[in-house]
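Q: What follows is a single structure, and I will ask about it in a moment.
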Amino acid sequence: MRMFRVLMLLILHMNAHCMYLNWTSHDRPNIVMLMSDAFDGRLTFSPGNKVVQLPYINYMREMGAVFLNSYTNSPICCPSRAAMWSGQFVHLTQAWNNYKCLDPNATTWMNHLGKSGYHTHSMGKLDYTSGHHSVSNRVEAWTRDVPFLLRQEGRPVTDLVGDTSTKRVMTKDWNITDAAVQWIRHTAVSLAQPFALYVGLNLPHPYHTDSLGPTAGGSTFRTSPYWLNKVSYDQVSVPKWLRVEDMHPVDYYSTFTKNCSGHFTEEEIRNIRAFYYAMCAETDSMLGEVIDSLRDTGLLSRTVVLFTSDHGDLAMEHRQFYKMSMFEGSSHVPLLIMGPGVKTGFEISLPVSLVDIYPTVLDLAGVPQPGGLSGHSLIPLVSGVSAQSAEPHPGWVLSEYHGCNANASTYMLRIGEWKYITYADGLTVLPQLFNLSKDESELRNVASHFPDVCQDLDKLLRTVVDYPSVSQAVHRYNKQQFLEWKQNLGDRYSQIIANLRWHIDWQKDAKSNERVIEEWLLGLD
């Protein structure tokens, strides 16, 4: 009898919750989420999207809601995805780099949906658990505050393949898209219960640069004439750069380690950006295949669709490519939602972040919120009605970074017109402050002009995270992990460390580089 009462209370709670969006527990929406990799969120709204044709992203804007200020919680693949899947900030998951993220048994929002009666299915790039990515990637993260400068990435280049009929450049992603479409057409359409489908893509992440060998990262922007024709080349801008001597020291470290400190012609820069936009167009087409399959099967009207990315790509803004930065090109991600209960043609300017997806999805499904989440439901913002989770969004977002290509732990607080970035313990490295309403390009650090603003934002940041303590914990972790790795290699250490991604610079003075690391290790806490 007691079990029956508990069950009835749960059903009543779920019915009451779903009624906020005019759903019952028997008519909950399907949920489809497509997550790309390295997609600049500014391309999803005007004027950013005028440079490239993105018909399905524009369709989602017209039929649903677009967030104009959505951010990653960490501008690198695995920690970002760990935050999205767990609903927790990076300092809580302790996802310090691409190697250290969530435990494979961690509870995700997909797990909650499965337990609440959803048929769940995930395919493609997940990339949120520990133990993945290259040895070079993790060693570069562990040694990021060793006082040497070594190029860790290949110089960004472009690669044109195929011809004007070549649509399928990224074959692996197209295979994933095909599998998702087949699953929708043959499995989802016949399900008796609602379903939740996650599709993870690798585009528009740059491709592996084969010419640099097996340890190389992704510095090749590859596309075909078919997709390049979707780009308005005359709209492709050549971003302004600060003089090297005027760059923030952490930004300069990133520029150098990303192999972008040398000379680039305007044509090279414009081509890299155009190829990147073409890769975004190919991603949009994959999104379109999923949307079309939902429409063709009659499922679209009963399905909430979300499109987002783990981070963006700087595409030569600030003399950098890739991510690992709090600049907009790297940290600003797309977030579009359409489906039953979502306002159409709606734009939300409030800053939000990927940790908000967890409570949002649970609200969509009428699933009670677990405790300890860092995010807030976006349902009140996209529907105009209250949600069961009740607590309103605070209007600020936190992003943090502790991995390679940046030589200090980095924390970003975005609220209103301000972006505040602080580093390490908040004292040893000067902060940055940008007024995004007046300086969209983030070329004017006004921290010294607005000390009171910095003080207020730093105070707010410290209520969210004790960042000096977190930075110190990461520092200790990095040294301990490197020392264990070094000891396990034994006599092979010198050879292996000399042949990682930084091998060209390392081998110019291998003994000196080893000595600098030994001095760094002597300070092990």
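The values are calculated or read from the model by the stated rules, or taken from the named source; none is laboratory data. The structure displayed is predicted, hence computed values, not measured ones. Don't worry about glycine lacking a Cβ; one is built from the backbone with ideal geometry, like all the others, and counts go over all protein chains shown. Heads up: the accessible areas ignore ligands, DNA and RNA and are worked out on the full protein's heavy atoms, side chains in. Shrake-Rupley method; radii C 1.70, N 1.55, O 1.52, S 1.80 Å.
Q: May I ask for the Kirkwood hydrodynamic radius of the chain, worked out over all distinct Cα pairs and given in angstroms to one decimal?
A: 23.8 Å
Q: So, one more: How about LYS438: which lysines have a C-alpha closer than 19 Å to its C-alpha, ignoring those fewer than 8 places off in the same chain?
A: In chain and number order, the partners are LYS240, LYS419.
Q: Assuming 1.567 mPa s and 4 °C, estimate D for the stretch 228-371 with Stokes-Einstein, Rh taken as the Kirkwood radius over Cα pairs, in µm²/s.
A: Diffusion coefficient, whole number: 71 µm²/s.
Q: At what distance in angstrom do the alpha carbon centres of the stretch 250-305 and the stretch 316-337 lie from each other?
A: 11 Å
Q: Shifting gears a bit: From the protein chains alone at 1.4 Å, what is the descending order of accessible area for ASP40, ASP145, ASP234, largest first?
A: Per-residue accessible area, sorted high to low, gives ASP234, ASP145, ASP40.
Q: Let me know the Kirkwood hydrodynamic radius for the stretch 54-157, please, with Cα pairs as the basis and the value in Å to one decimal.
A: 16.4 Å is the Kirkwood radius here.
Q: For the ranges 49-60, 194-205, what's the packing order if you count other beta-carbon atoms within 10 Å of each residue, average per peptide, and put the highest first?
A: The densest-packed peptide leads the list: 194-205, 49-60.
Q: Here is a follow-up. Can you pick out the pairs among LYS258/LYS459; LYS125/LYS343; LYS100/LYS258 whose Cα atoms lie more than 25 Å from each other?
A: Checking Cα-Cα distances, LYS258/LYS459; LYS125/LYS343 exceed 25 Å.
Q: Separate question: Contact order normalised by length for the chain, with contacts defined as Cα pairs under 8 Å and 6 or more residues apart; what percent is it?
A: Taking the mean separation of contacting Cα pairs over the length of the chain, I get 25 percent.
Q: In the chain, what % of DSSP beta bridges are antiparallel (nearest 5)?
A: Close to 50 percent.
Q: Quick check on packing: order 331-337, 376-382, 120-126 by the mean number of other C-beta atoms within 10 Å, highest mean leading.
A: Packing order, densest peptide first, comes out as 331-337, 376-382, 120-126.
Q: Give me the accessible area of THR171, 1.4 Å probe, in Å² rounded to the nearest 10.
A: Approximately 80 Å² for this residue.
Q: Next question. Compactness ratio of the stretch 116-180: Cα Rg over 2.2 N^0.38 Å, N = residue count?
A: The stretch 116-180 yields a ratio of 1.76.
Q: Something else: As an exercise, identify the trypsin sites (Lys or Arg not before Pro) in the stretch 152-190 lying in DSSP coil whose Cβ has no more than 13 other Cβ atoms within 10 Å.
A: Within the stretch 152-190, the qualifying trypsin sites (Lys or Arg not before Pro) (loop, at most 13 other Cβ atoms within 10 Å) are LYS167.
Q: Turning to a different aspect of this structure: Looking at the calculated P(r) for the stretch 152-253, what percent of the C-alpha pair distances fall above 18 Å?
A: 69 percent
Q: Okay, next question. Evaluate the relative contact order of the stretch 15-158 (contact order divided by residue number), counting alpha-carbon pairs under 8 angstrom at least 6 apart; express in whole percent.
A: Relative CO of the stretch 15-158 lands at 15 percent.
Q: Please grab the % of Cα pairs in the stretch 298-421 that end up more than 27 Å from each other.
A: 26 percent
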